[in-house]
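Here is the structure we will look at, set down as structure tokens.
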Amino acid sequence: MIIEIRNQVPYCKGRNFPKQKIPFNACDCHHHIYDPVRFSYIDTDLRNQPPATVDCYNLLKRKLGITRSVIVQPSAYGLDNRCTLDALTQLGKKVTRAIVVINNDISDSDLQKMDLMGVKGIRLNMTCGYKNSWDDIRLLVERIAPLGWCVCLWIDPDLLVEKKNFFEALPAPLVLDHRGNLPAGIGVNHPAFSLICHWMDIGKAWVKLSGYYFGSQKDDYSDTLLIGKEYAQSNPNQLLWGTDWPHPRCYTNCVPVPDDSLMLDELMDQVGGENIFYKTLVNNPAKLFRFE
């Protein structure tokens, strides 16, 4: 066991452990599993991410001291959720939840099966705009709402503001991936920031303090960490944290992967205290994703 923990973790820079004491039942609310040997990527996937299997992720969990996690369906698999659901089974429903990508072709019985397995939300990837039917999204959310699922949004902040009324009317909580994708150069001055903070205050939205390297112009991510600090000051009861392991954007852009231990330590820098640190890692995800 000790030898395994001390080995280098794939897609994770450095061998150091977090400096912060990580509480029991801490949750990584955003990671992916890639297993193309067993589950082929969709034909339109051009990135061809190398395998990042459950066994590899378990090494990261042990290194970080993470107990729980939420698997997010990656775009490489499109609507084929088999890899994500298989990983959910491997990691165990007691400590794992999943976010899937589906459309209205799915049957009610399959939705029920997914819910019993530990699926607790859907993801909408809209970073390149959205050209399909908004009515289809509304209908889909109306179907998952009785299950208590959330809607994870990876979206351009301009589009979020433009479709404010649409998202407010959806009968499910929203989760803004990677700090709402606010551009580092504009940050909290973008109109999406005040909108998201309002949604947090009324319990409509949650924010993942994750992917610090998304859009950062600084080697130490200080520009995006500043955005996280502002969210923490706005409403610490609606914060989540995630690794984004295995950092597929880094692979796509041919840049080094980040130090996940450092990113976990930097959560403390953003929230500023052990109480909010504990809330973000344990209480908040337990409430949203209904961990027992």
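Observations on the structure shown:
- The H on the amide N of W206, modeled in the peptide plane, is under 5 Å from the matching H of L174, V175, L176, each at least 5 residues off or on a different chain.
- Shape descriptor for the stretch 232-292: Rg over Rh equals 1.05 (Cα atoms; Rh from the Kirkwood inverse mean 1/r).
- For the chain, calculated [θ]222 nm from helices alone, where every DSSP H run of n ≥ 4 adds -39500 (n - 2.57): -10500 deg cm²/dmol
- Candidate lysines for bridging to K131, where Cα separation is under 19 Å - those fewer than 8 sequence places away on the same chain excluded: K163, K164
- Gap separating the Cα centres of the stretch 13-90 and the stretch 180-211, nearest whole Å: 25
- Protein accessible area in the chain, 1.4 Å probe - carbon and sulfur %: 52
- Here the chain carries DSSP beta bridges of which approximately 5% are antiparallel, counting only pairs with both residues inside.
- Protein heavy-atom accessible surface, 1.4 Å probe, per residue over the chain: 44 Å².
- For the stretch 40-46, the Karplus equation 6.51 cos²θ - 1.76 cosθ + 1.60, evaluated at θ = phi - 60°, returns couplings of 5, 6, 5, 4, 7, 6, 9 Hz by residue, with Gly and Pro reported as x.
- Rel. contact order, % - alpha carbon contacts under 8 angstrom, at least six apart, the chain: 21
- Residue pairs, from the table K19/K218; K21/K120; K204/K229; K13/K120; K93/K229; K113/K208, whose Cα atoms sit over 25 Å apart: K21/K120; K13/K120; K93/K229; K113/K208
- When the Gaussian network model of the chain links Cα atoms closer than 10 Å, the mean-square fluctuations of L139, L124, L170 top out at L139.
- Rounded to the nearest whole Hz, the Karplus-based 3J(HN,Hα) values (6.51 cos²θ - 1.76 cosθ + 1.60, θ = phi - 60°) of the stretch 92-105 follow the sequence x, 4, 4, 10, 9, 10, 9, 10, 10, 10, 9, 10, 6, 6, with x at glycine and proline.
- For the stretch 71-223, the relative contact order is 17 percent, taking Cα pairs closer than 8 Å that sit 6 or more residues apart in sequence and dividing their mean separation by the residue count.
- Rule-of-thumb Rg ratio for the chain [Cα; 2.2 N^0.38 Å; N residues]: 0.93
- In terms of packing, defined here as the mean over residues of other Cβ atoms within 10 angstrom, the peptides 238-250, 71-83 line up highest first as 238-250, 71-83.
- Note on the chain: GNM, Cα springs under 10 Å; of K21, K13, K63, the largest mean-square fluctuation is that of K21.
- Distance between the 7 Å Cα→Cβ label points at N103 and E168: 3.0 nm.
- Couplings 3J(HN,Hα) of the stretch 236-247, computed from phi: x, 7, 10, 9, 10, 9, x, 8, 6, 4, x, 6 Hz, in residue order, whole Hz [Karplus 6.51 cos²θ - 1.76 cosθ + 1.60, θ = phi - 60°; x for Gly and Pro].
- Principal axis dimensions, largest first and in whole angstrom, of the stretch 31-128 by Cα: 39, 32, 27
- Relative contact order of the stretch 6-83, pairs being alpha-carbon contacts under 8 Å that are 6 or more residues apart, as %: 43
- Within the stretch 155-241, trypsin sites (Lys or Arg not before Pro) in DSSP loop having at most 14 other beta-carbon neighbours inside 10 Å: K218
- Amide H contacts under 5 Å for H30, placed H, 5+ residues apart: V70, T243, D244
The values are calculated or read from the model by the stated rules, or taken from the named source; none is laboratory data. Owing to the predicted nature of the structure, the values given are computational and were not obtained by experimental measurement. So basically every Cβ, Gly included, is an ideal-geometry build from the backbone, and we count neighbours across all protein chains shown. Keep in mind that these areas ignore ligands, DNA and RNA; they rest on the heavy atoms of the full protein, side chains included. Shrake-Rupley method; radii C 1.70, N 1.55, O 1.52, S 1.80 Å.
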